[in-house]
Amino acid sequence: MHLWVSFLSGDNNSYKLLYQKYVKSLFRQGMQYSKDRELIMDCIHDVFLKIYENRNKQMQIHNIKIYLFISFRNRLFDLLKKKNISFEDTNYSSDIEYESTIESLNPEEELIEKETININDELIKKALTQLTPRQKEIFMYRFVEEMNINDISLIMSMNYQSVQNLIQRGLKKIKDFLKKTKEK
Amino acid sequence: MNRINKKIDYTTYNFEDFLQDDFFINSILHPTDDNIIFWTGLLKGNKQALAEFEKAKLILQAHTDNQDNIISNNESAALWDKIETSVRKLNKKTSRQKLLSIAGIAASIAILCLTIAFFSYKTATEEDKLLQFAQSEKPSADSIDAIQLYLSDQKIIALDNKESDIKYEGNGITIDENKLLQEEEAIDTYNQLIVPKGKRSKLTLSDGTFMYVNSGTRVIYPSSFSNKKREIYVDGEIYIEVKPDQNSPFLVKTDDMQIKVLGTKFNVKSYKDSDQRQVVLVKGSVSVNNKSEETILTPNDLYELTNTGKSIKKINVNEYISWINGVYYLKEERLDILFDKLSDYYGVKIGYDPEVKLYYSSGKLDMKDNLEEILDGLTFSFPIRISSTDNEFKITLIKD
């Protein structure tokens, strides 16, 4: 809040500090929607330019992080639309679920695999790849940005319950995946 | 988030439960001596819980370890250079007042920024100023999702909490413990507090008068009161405790009523799109003026204004002001009306079979529970089934 206020009053160093504080998080957020690094960086550029342009409007923002996340996301959708990539972000039930399939291994590999089935990093990494893009995004907000459900629902334009459901479905996916590999 | 919730029995948790717990997430991402001691102590000797704990921990850490989505220092520095260049170009351009474009920055519900045409008082008579302002400056409480505080001119503050606490004191406004310094403003500039459905707020005015503001309500008041009179406008429901001031009567204005008090506690309910106009007096004395007559109320009076006229009766005030504590008393309330009220209170759509109108409910509703729990609770007393999709609930009757 202090950083934002001093930025509004014309302190250019605060502007740079704001950038440094949030650029990594915004980039990570962008990667949930596109692997085009240049595009994401363009988007961050646009967002920061815009807040600079509107500095004289003196918008009193209660939570600058959420504000940036939302602005960034909106701008990203605009840029992606121009590239003819659109997201049905209003209807998360269309979030495509892929059936998690365990690749079939040859007998030798199977033996080795059986012997080393315990919960380890590799397995968890594999489990996480089973998540849908929206589930990955929501876990990023929750487990990396440490946001609460209310903030997440603001950013993703979903209601509280839908956010919780999405998280629970993601967790269930992980559970089922780990179970399946255990039973092999 | 970083406080231990003593009510939770973590020893029965599986890894999904851990990953939905704020304190767990906080402990793993920000380990301290205290929380490390807490977890090791708790899980000692409990192999099952420990395994689940470790599993959750690995999953959580796998997210922060993920290096694929990180911007490199070089990329970040280069990007900043690009931004600085654009800013320099911008400063070179002659600056003109630009119209604020909402769509580009924040089209979503959290932040709204409008330029309000500043209302000119010169043409209005003393008496009508407040009401005219209310009519002309009218973003209705239905159209936005965040609690909004309109200070004069172009300052709008959006609050993303479910309940907020706003206090006017001395030189500034305190919002949920954060202090905002007020600029020097003329007396008589009006502020607006807009509380949409599903949210509530507490508001303390500059004279110490305090009120609870219910969902779907708009309150207009001057940022500081003049010496002669204190006036506010309400469209919705408030419970207000007026600070006594013999020299300056307090007026609450709604579209059809004017309530004058000297110092007292009462509840006003007057929603624009509902026929209910009610004033409930808790303590003190008020006079209610309804454009044709003036009535003096005494404590425990319920003044009700309908199309056919006014009525007064004695009631139990607790039933009418319990909402400030999140409790609603139902007295043979028709189920469809109850669902509509819940829908308004939580800001969530609830659809229902028309036949639920046949059922009545009495009792106490604790609104601190989440909506799903309340609806589930109703299934014990009524033959209904609850289903939910992303944004709404649907109530169907079980027909045997």
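The values are calculated or read from the model by the stated rules, or taken from the named source; none is laboratory data. Note that the coordinates shown come from a computational prediction; the quantities given were computed from them, not determined experimentally. Glycine also receives a Cβ, built like all others from the backbone with ideal geometry; neighbour counts cover every protein chain displayed. Side chains included, ligands, DNA and RNA excluded: accessible areas come from the protein's heavy atoms. Shrake-Rupley method; radii C 1.70, N 1.55, O 1.52, S 1.80 Å.
If the requirement is being touching a residue at least 24 places away in the same chain (Cβ under 8 Å), more than 22 Å from A:ILE138 (Cβ to Cβ) and more than 9 Å from chain B (Cβ to nearest Cβ), which of these qualifies: A:LEU3, A:LEU17, A:LEU76?
Of the residues listed, the single one that is touching a residue at least 24 places away in the same chain (Cβ under 8 Å), more than 22 Å from A:ILE138 (Cβ to Cβ) and more than 9 Å from chain B (Cβ to nearest Cβ) is A:LEU3.
Going residue by residue through region A:38-58, is there one that turns out to be more than 7 Å from every other protein chain (Cβ to nearest Cβ), free of Cβ contacts under 8 Å to residues at least 60 places away in the same chain and out of contact with any helix residue (DSSP H, G or I) (no Cβ under 9 Å at 6 or more places or on another chain)?
Checked against the condition, which is being more than 7 Å from every other protein chain (Cβ to nearest Cβ), free of Cβ contacts under 8 Å to residues at least 60 places away in the same chain and out of contact with any helix residue (DSSP H, G or I) (no Cβ under 9 Å at 6 or more places or on another chain), region A:38-58 yields at least one hit.
Can you list the helices (runs of 4 or more DSSP H) lying wholly within region B:19-91 that have 3 or more residues being at the interface with chain A (Cβ under 10 Å from one of its Cβ atoms), more than 37 Å from the chain's Cα centre (by Cα) and surrounded by fewer than 17 Cβ atoms within 10 Å (Cβ to Cβ)?
Where helices (runs of 4 or more DSSP H) fall fully within region B:19-91 and carry at least 3 residues being at the interface with chain A (Cβ under 10 Å from one of its Cβ atoms), more than 37 Å from the chain's Cα centre (by Cα) and surrounded by fewer than 17 Cβ atoms within 10 Å (Cβ to Cβ), they are B:47-65.
When region A:165-184 is examined, which residues are found to be open to solvent by less than 50 Å² (accessible area, probe 1.4 Å) and in contact (Cβ under 8 Å) with a residue 12 or more places away in the chain?
Result: A:LEU166, A:ILE167, A:GLY170, A:LYS173, A:ILE174, A:PHE177, A:LEU178, A:THR181.
So B:ASN325 passes all but one of these: (1) in contact with a strand residue (DSSP E or B) (Cβ under 8 Å, 6 or more places away or on another chain); (2) at pLDDT 80 or above. Which condition number does it fail?
It fails just one condition, (1).
Just to verify a result, which residue in region A:133-150, among those that are at the interface with another protein chain (Cβ under 8 Å from one of its Cβ atoms) and open to solvent by 20 Å² or more (accessible area, probe 1.4 Å), is modelled with the lowest pLDDT?
A:ASN150
Out of curiosity, is B:ARG277 at pLDDT 85 or above and basic (Lys, Arg)?
Judged against the criteria, B:ARG277 is a match.
So A:LEU3 passes all but one of these: (1) modelled with pLDDT of 90 or more; (2) open to solvent by 40 Å² or more (accessible area, probe 1.4 Å). Which condition number does it fail?
Condition (1) is where A:LEU3 drops out.
Any residue at all in region A:98-115 that is modelled with pLDDT of 90 or more and touching a Lys or Arg at 6+ places or on another chain (Cβ under 8 Å)?
no
Only one of (1) touching a strand residue (DSSP E or B) at 6+ places or on another chain (Cβ under 6 Å); (2) under 26 Å from B:ILE259 (Cβ atoms) fails for B:ILE350. Which number is that?
(2)
For region B:186-194, indicate whether the set of residues that are at pLDDT 80 or above, within 21 Å of the chain's Cα centre (by Cα) and of a type in the set (Ser, Thr, Tyr) is non-empty.
Yes.
Take the residues in region A:152-178 that are hydroxyl-bearing (Ser, Thr, Tyr) and in a helix (DSSP H, G or I); name whichever of them is nearest to the other protein chains (Cβ to nearest Cβ).
Here the answer is A:SER162.
Quick grid of which residues meet (1) open to solvent by less than 30 Å² (accessible area, probe 1.4 Å); (2) among the acidic types (Asp, Glu); (3) within 29 Å of B:ILE147 (Cβ to Cβ):
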| residue | (1), (2), (3) |
| --- | --- |
| A:ARG28 | no, no, no |
| A:VAL47 | yes, no, yes |
| A:LYS57 | no, no, yes |
| A:ILE70 | yes, no, yes |
| A:LEU79 | yes, no, no |
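Give A:SER93, A:SER153, A:SER86 a once-over and let me know the one that is among the polar types (S, T, N, Q), closer than 23 Å to A:ASP36 by Cα and at pLDDT below 90.
After applying the criteria, what remains is A:SER86.
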